[in-house]
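The values are calculated or read from the model by the stated rules, or taken from the named source; none is laboratory data. Source: prediction; values computed, not measured. As a convention, Cβ positions derive from the backbone with ideal geometry for all residues, glycine included, and neighbour counts pool all protein chains shown. Please note that ligands, DNA and RNA were not included when accessible areas were found on the heavy atoms of the full protein model with its side chains. Shrake-Rupley method; radii C 1.70, N 1.55, O 1.52, S 1.80 Å.
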Amino acid sequence: MTMELWKKVTFMPLHVFVIVLSLLLFSYADQATNPNGPETITVVSDDNYPPYIFRDSGGKLQGIIIDQWNLWEKKTGIRINIIGMDWGKAQKFMADGKADVIDTIFYTEERAKIYDFTKPYVTIKVPVFFHKNISGIDGPDSLQGFTVGVKEGDACIEILKRHAITTLQVYSSYEEIIKAAVAQKIRIFCVDEPPALYYLYKMNIENEYRRSAPLYTGEFHRAVKKGNHDLLNVIEVGFSKISGNEYAEIDKRWMGSIVGINPAYLRYIPYSSLGAALLTIILILWNYTLRKRVFLKTSELQLTLGALKESEEKYRELVQNANSIILRMDNVGNVTFINEFAQHFFGYSEVEIVGRNVVGTIVPELESTGRDLKQMIKDIGLHPDRYLNNVNENVRRSGERVWVAWTNRPILHENGRIVAILCVGNDITERKRLESLLDQSRREWEDIFQAIGHPTMILDREHNIVQANQAVLAATGKSEDEVLGKKCFDIFHAAHAPPHSCPMERLLGNGSLQTVEMEMEALGGVFLVSCTPVVDNRGYTKEIIHIATDITERKRIEDELRRSQRQLADIIEFIPDATFVI
């Protein structure tokens, strides 16, 4: 202290001297706080969170948090370097050790593993905002099937995923989310209430959106690296030096104050009081009437609820005792209900399967036929009307593959949105096995049918060709399309009616095997035609197997033999007393 200053202090009045001395001591004590503390602290924060921290038109950081840290700097004498950036980048910036403190951070159990937190300094509501044309949004579970806009690194992502909401559209900042809403790229988003209201009003779409009750309520903290208790203490002590009035002044600067009542309106108070009294009387009468109506409606509702409860019990009993697989899944394939029969059938308990996706549990990703069942489940959630009846391969817990015939019905919200799919299935594994054997038998029969060297056909009772083998096509020089469905006598005789010698006509008359020789000009020869009936279990002839064997060469040889025999007989007849030794 200089001599001049000492003289001034010496001649001061006693009470003034005491005040000055107190101020000097307070200033000294304030400067002596944390004498070994850091000279500069780097703070990283979201830069898009009005009114707490955001950028002005020139790109400079401003807001409540900036003012609080500037005042903290004055109180502690420690210089502050505040860096603002997109929230996802801010968290990485802190994790990489480039900042000492991270601000505007919510406490979560995951974050508590890497950070130590200050006491909370503001409470933030986090609702879901949705377009006014969308209804039925009353909580996280009602978001199933919707795309929800979120900010990268936001705590709401963890909350939504906890409720199996995975269709998220991630943006770098809250402002980008609201811009996407203006451009109608998204209609639902989860944004902290203060910045959401700021940008909705700023971009003039506040009347286009509604908000739900808070999805959750978070609190702003400042946080340091886990275990850095000294720095955490420096921060806490510094902010404790800011008075309540100083905090209030900062809040008032950025949030404003409540508009007061104009004294000119005071003369209307008596009239208002009278009006309020009349309104009170009306409300009392209306309340009495309303309570009476409520009582009547409550009685009706209790009766309705009783009937509904009885109906639900019958429905549950029916579902649980049904000998069919019954389950319900959401539109992305997560099981929300499964009956006891299905639990026994697939080998999973209700606890083990509910909440898990059908793909990887009871549905394989690929069917043995090669079909992509993972894509099929996705398609069912988007277009269930295309899969009202569906057969696909399933898998039991043991790994056994089974075939199930499913009936799928969408469950719709009152606004028409698909909220779930009810699936009822029946095991058809044995039927599929028999069908496979039948297909194999049919293929073997077809191979044999085609391998027959003689022209062979199957005809119906009206002479229509139902099936023809390759020998028929080769003999006639016609294609399968030219033969099938045509009359046999048209193909082989170029006639409009069966010939009189047609064996099929006789077969239909007596139901027995018929064989006859017929000359067929279309085939250029003589054929031995056999007709065999195909009968059902009642003995009724449904179809006829028609086999034609070419005997042209045999007939030629027989004719030559008969001609030779006649010639020999004529020679013998004209040679008298001829003796032949054979």
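A few remarks follow.
- Across all directions, the average flat footprint of the convex hull enclosing the Cα atoms of the range 468-582 is 11.7 nm².
- With R₀ set to 22 Å, the beta-carbon distance separating THR515 from ASP570 gives a calculated FRET efficiency near 0.05.
- Full extension of the chain between SER57 and GLU482 yields a length gain of 144.8 nm, computed as 0.36 nm times the residue separation minus the alpha carbon distance.
- Dividing the convex hull volume of the alpha-carbon atoms in the chain by its residue count gives 389 Å³ per residue.
- Between TYR216 and LEU274, the FRET efficiency estimated from the beta carbon spacing at R0 = 51 angstrom works out to 0.65.
- Förster-model FRET efficiency, 41 Å R0, ILE411 and ASN233, C-beta, rounded to 0.05: 0.15
- Residues of the range 135-175 with amide N under 20 Å of a point placed 7 Å along Cα→Cβ from GLU350: none
- Only protein heavy atoms count here; on that basis, with a 1.4 Å probe, ILE186 has an accessible area of about 10 Å².
- Near the amide H of VAL128, within less than 5 Å, lie the amide hydrogens of SER212, LEU215, all on another chain or at least 5 residues away, with H placed in the peptide plane.
- Length-normalised contact order of the chain in % [C-alpha pairs under 8 Å, at least 6 apart]: 8
- Using a simple spin-label model with pseudo-atoms 7 Å out from Cα toward Cβ, HIS496 and PHE146 lie 7.4 nm apart.
- Solvent-accessible area, 1.4 Å probe, carbon plus sulfur percent, for the chain: 55
- PHE129 - accessible surface, heavy atoms, 1.4 Å probe, Å² rounded to 10: 0
- For LYS113, the solvent-accessible surface with a 1.4 Å probe is about 140 Å², rounded to the nearest 10.
- Whole-number accessible area per residue in Å² for the range 54-105, which is evaluated in the context of all protein chains at 1.4 Å: 46
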